[in-house]
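We did not get these values from a lab; they are worked out from the coordinates using the rules stated. Just so you know, these numbers come straight off a predicted model, no measurement behind them. Cβ: placed from backbone, ideal geometry, glycine included. Neighbour counts: every protein chain shown.
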Amino acid sequence: MSRLATLPRRLALLRPLRRTTCTARSYSTASEQRLDNRVKIVEVGPRDGLQNEKNIVPLATKIELIERLAKTGLQTIEAGSFVAPKWVPQMANSSEILSHILTTPPPSPHPLTYSFLAPNMKGLSNAFSILDANPSSFSTESNPSPSKPSLEMAVFASATETFSQKNLNASIAASLEAFRAVISAAKETPYNLRVRGYISVVLGCPFEGYDVSPHRVAEIATGLLEMGVDEIALGDTTGMGTAPRTKDLLNCLRSAGIRNEDVAMHFHDTYGQALVNTAVALEHGIRTFDASVSGLGGCPYSPGATGNVATEDMVYFMESLGMDAGVDLDGVAEVGEWISKELGRGNGSTVGRAVLGRRKRKQE
Ligand code: HMG
Ligand code: MG
């Protein structure tokens, strides 16, 4: 029997193991979750949005972007990336960004979580050195403090071997081994950080096309959950995802025993399908969605992939469905217009342009 054919059985065997080895967390049941109209939007603009900018964005602009976003009601902001500067020069000042967040927490209506990528122990050590210099400036799971920012580290696997080599210079298996150490160190005392596990190119790869196996995605996701990540973020890095393929992927994850509560969707709008796919995921029971202000972004190692779905579009879409993201649409639209001007480009959000246009017409 082929490896894939035996996978559901092997994943089923893993389920009891996971329940016994993972830290206990309380979750709503699936039926409770269906009744719940709250959604969480994870703002990825300051990292995923800016990482692809050709010109180096000044540190002050990055910090101002984070501070402006923090005021809009967003709960989580992905703020930087501790990757090799040779690979992504734009993220080279992530230490300064983390340091600023800890020493001068951006004013916000409620406590915020700031997320940073780290692909290996070198990246995590760089982040730790900032935390060590500011030991009591962040909230931890063992010592929660609503007045201090919470932190999250994110590792990022790939669903295809070619993308893994291009993005991480490692096979999927080797990258997962590197992440095991990162995840366990991040979760250890005194840091006790939350950890997110991305899987990129889950619905299409710039190098291997549509040939991405949902079973492989489920296997990688299960592996990351077994290592202790708190959340899996499924990245449609190329925007090649369609409604039926999104549904198939989520059904496959469900069959593998992965709970909706543990999954976030990260859609790109390259082919205009991001909100259609979001509707499919919502219907499936997913309640966490990534988005990037003004639709900024793309992955430097994913040629042709345009921006992430815009936060403004996501907030408007959720509101139109009666879902509550707790985000001020006008506020995010203003931030989107501001950062677009700072970067010298057009506003990438259809909704942002419409909201600001309507306001302007009212004022005239
Ligand atoms: P490598 O070249 O194999 O690494 O890259 P290495 O271990 O051989 O080290 C090479 C040099 O980098 C050494 O320096 C290391 O010290 C240094 P040298 O001795 O030459 O001066 N180095 C580091 N420096 C700072 N921080 C580090 C670090 N690691 C090594 N963490 C590596 C392997 C993983 C480092 C590299 O491939 C890398 O950084 N890749 C990151 C690529 C990236 O950031 N891609 C974008 C994020 S993924 C994404 O955008 C998709 C996502 O958003 C989902 C979606 O949108 O769908 C998540
Ligand atoms: Mg992205």
- Violating pairs (Cα-Cα greater than 27 angstrom) within the set K40/K148; K187/K247; K54/K187; K341/K362: K187/K247; K54/K187
- Taking only Cα atoms of the chain, radius of gyration then Dmax in Å: 19.3, 70
- Task: For region 268-364, just say rounded, prolate or oblate: build the C-alpha gyration tensor, square-root its eigenvalues into a ≥ b ≥ c, call rounded for a/c under 1.5, and beyond that prolate if a/b exceeds b/c, oblate if not.
- Result: oblate
- Message: Sort 156-162, 189-195, 354-360 by packing, meaning the average of other beta carbons within 10 Å per residue, with the highest value first.
- Response: 156-162, 189-195, 354-360
- Consider a paramagnetic label point 7 Å from the Cα of T61 along Cα→Cβ; state which residues of region 315-350 have an amide N under 13 Å from it. 338-346
- If you place +1 on the Cβ of every Lys and Arg, -1 on the Cβ of every Asp and Glu, and leave all else neutral, what size is the dipole of region 35-327 about its Cα centre, to the nearest 20 Debye? 340 debye
- Message: Below 12 angstrom from the Cβ of K247, what's the summed charge of the other residues (Lys, Arg +1; Asp, Glu -1)?
- Response: 0
- Task: Write down the Kirkwood hydrodynamic radius of region 61-147, to one decimal in angstroms, obtained as one divided by the mean of 1/r over all alpha carbon pairs.
- Result: 13.5 Å
- The set of residues whose placed amide H lies less than 5 Å from the amide H of L151, leaving out same-chain residues fewer than 5 positions away, is Y114, S139, R194
- Query: Taking the chain as a Gaussian network, Cα atoms linked when under 10 Å apart, which of L296, L343, L102 shows the biggest mean-square fluctuation?
  - Reply: L343
